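See below for the structure under consideration.
The values are calculated or read from the model by the stated rules, or taken from the named source; none is laboratory data. If you're wondering where the values come from, they're calculated on a predicted model, not measured in any experiment. We place every Cβ from the backbone using ideal geometry, glycine too, and count neighbours over all the protein chains shown.
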Amino acid sequence: MARELPDRFKTATMRMAARTSAAPSTAAGVVDAASPPARPEVNDVPPAVPSPPMRLLRFPAVRERTGLSRSTIWRLERRGEFPRHRRISPNAVAWVEREIDDWIGSRMGGAGM
């Protein structure tokens, strides 16, 4: 004999099926005037996928990912052609990983030229 799950483990569909199977059946296609119209379940929408956390890359990681030298990175940054660094402490800077990845992707788009 199967054991019934507590409500907190049931999905919205399971709870809906349990409610409709427990209700008295009506004649085929006939709706009881006293019963409210059927409404779609609001909980059937899947939860949104959380975005990954923002990561900061220090200079050695940026140099490794891009293959550019220190002076080229600074020169491109001054021209506005490379993502800006962020000061994370008095003696340290870092770049946002997503911005670096986007910059690399934009450069890869022009690789066939």
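Okay, here's what the table says:
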| item | result |
| --- | --- |
| Near pairs, Cβ below 6 angstrom, 6+ apart or cross-chain, from region 86-98 (farther than 12 Å from R55 by Cα) to any residue that is loosely packed, with under 14 Cβ neighbours inside 10 Å and of a type outside the set (V, I, T) | V93/R87 |
| Flag for A94 being of a type outside the set (D, E, K, R), in contact with a Leu (Cβ under 7 Å, 6 or more places away or on another chain) and modelled with pLDDT of 95 or more | yes |
| Members of region 60-113 found to be polar (S, T, N, Q) and not in a loop (DSSP other than H, G, I, E, B), listed by number | T66, S71, T72, S89, S106 |
| Close pairs (8 angstrom Cβ cut-off, 6 or more residues apart or separate chains): under 14 Å from P83 (Cα atoms) in region 45-73, polar (S, T, N, Q) anywhere | R63/S69; I73/T66 |
| Residue count, region 56-73 (criterion: more than 14 Å from R98 (Cβ to Cβ) and surrounded by 14 or more Cβ atoms within 10 Å (Cβ to Cβ)) | 5 |
